[in-house]
């Protein structure tokens with residue numbers, strides 16, 4: 001039996017992907033329905049499995065209107081020690097958070113959610129997103145630049161310090 | 001005032017929660033499945049209890065009681081599984097929920113053939129059924145019924161804005177239970193939920209569930 005706390009956790013993840021409360025609920029409902037269908041997988045922690053299921057269902061839905069696209073990024077010129085923690089120095093005023101999320105695509109919101117709410121490492125995010133770590137690092141690098149290009153996000157290290165960890 | 005992006009994102013997402021109604025639906029979905037599973041497991045767990053008793057050479061009256069209990073359980077389980085149309089109410093509840101919700105259509109199409117071609121993601125073809133005589137197609141959207149991908153089709157609106165919702169889904173008896181098949185001489189069944197009548201039947205391997213405008 002999946003408890004309320006975990007149901008809400010799955011819902012938030014689905015919300016980060018879809019940015020739509022109704023679709024997020026449908027994704028959770030569908031994932032649990034499929035999970036319970038026999039033969040039910042015997043898992044100690046079903047949450048990662050359900051998150052993958054939600055993600056796959058979301059991609060299936062979006063594929064038909066091509067709103068969710070896997071883009072291939074060029075890793076060239078990216079320092080090897082670049083890390084998802086490069087996002088740690090960014091700050092924002094609370095009143096702009098919804099506007100910011102509205103400007104991002106599904107994958108960018110998903111990366112931010114996994115980093116900020118689930119506390120995933122770069123490797124864990126790459127594993128869930130089923131992409132090479134180098135590709136993910138490129139995405140993070142571009143996402144960081146994209147966040148800073150909006151009027152909402154500031155960088156605490158702009159006057160010194162390093163983005164690389 | 002600016003805070004770290006990480007902290008603001010965390011606060012933003014933590015404030016999002018499922019409603020009480022949504023939580024109740026997800027819990028009942030899990031309970032329904034749990035009960036089905038227990039019904040399958042029950043005979044095995046009973047056997048595991050019987051084994052130690054027989055090893056201790058219980059008196060014959062106790063063995064007779066166990067025997068009677070086993071027979072009674074067998075008939076009780078059989079009676080339960082023989083309940084006609086066991087999933088009809090769950091199907092009607094989900095159909096009515098989505099009928100009332102009126103989510104936007106994926107395709108607006110009144111021609112049945114073109115509507116059928118629009119549902120490219122489904123692994124079955126939409127079908128006409130003899131019981132759909134007066135249904136005027138208006139459009140459709142992807143949906144699911146008991147978590148199985150389905151076509152949710154909406155009729156064209158009537159003169160007073162009334163409309164009907166028709167579900168078509170690949171019929172799987174293991175999921176939807178036994179349901180009436182008019183071609184085998186059975187009558188379709190009607191279940192009510194939230195005051196809306198839902199007619200349910202199986203034809204050409206497809207489960208049909210249609211609301212009736214009242």
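The values are calculated or read from the model by the stated rules, or taken from the named source; none is laboratory data. Worth saying up front: this structure is predicted, and the values here are computed from it rather than measured. Ideal geometry is used to build each Cβ from the backbone, glycine not excepted, and the neighbour counts take in all protein chains shown.
Quick one: how many residues across segment B:164-174 are closer than 15 Å to residue B:207 by Cβ and either surrounded by fewer than 16 Cβ atoms within 10 Å (Cβ to Cβ) or more than 15 Å from the chain's Cα centre (by Cα) (or both)? Residues in segment B:164-174 being closer than 15 Å to residue B:207 by Cβ and either surrounded by fewer than 16 Cβ atoms within 10 Å (Cβ to Cβ) or more than 15 Å from the chain's Cα centre (by Cα) (or both): 4 in total.
From the list B:161, B:177, B:185, B:140, exactly one residue is out of contact with any strand residue (DSSP E or B) (no Cβ under 8 Å at 6 or more places or on another chain), buried (at least 17 other Cβ atoms within 10 Å of the Cβ) and either touching a residue at least 40 places away in the same chain (Cβ under 8 Å) or in the same structural domain as residue B:116 (by TED's automatic domain parsing) (or both). Which is it?
Details: B:161 fails: buried (at least 17 other Cβ atoms within 10 Å of the Cβ); B:185 fails: buried (at least 17 other Cβ atoms within 10 Å of the Cβ); B:140 fails: out of contact with any strand residue (DSSP E or B) (no Cβ under 8 Å at 6 or more places or on another chain).
Matching residue, one of B:161, B:177, B:185, B:140: B:177.
Annotation note: of B:115, B:100, B:76, B:131, the sole residue that is at pLDDT below 85 and assigned to a helix (DSSP H, G or I) is B:76.
Look at residue B:110 and say whether it is part of a loop (DSSP other than H, G, I, E, B) and either modelled with pLDDT of 90 or more or under 18 Å from residue B:163 (Cβ atoms) (or both). Steps first, answer last, please.
Details: part of a loop (DSSP other than H, G, I, E, B): yes; either modelled with pLDDT of 90 or more or under 18 Å from residue B:163 (Cβ atoms) (or both): yes.
Yes.
Please work out which one of (1) within 24 Å of residue A:63 (Cβ to Cβ); (2) surrounded by 19 or more Cβ atoms within 10 Å (Cβ to Cβ) is the condition residue A:130 fails and give its number. Residue A:130 satisfies all of (1) within 24 Å of residue A:63 (Cβ to Cβ); (2) surrounded by 19 or more Cβ atoms within 10 Å (Cβ to Cβ) except (2). In segment A:29-38, the residue that is surrounded by the fewest Cβ atoms within 10 Å (Cβ to Cβ) out of those that are more than 7 Å from chain B (Cβ to nearest Cβ) and at pLDDT 85 or above is A:35. Which residues, counting only those in segment A:7-28, are more than 10 Å from chain B (Cβ to nearest Cβ) and out of contact with any helix residue (DSSP H, G or I) (no Cβ under 6 Å at 6 or more places or on another chain)? Result: A:19, A:20.
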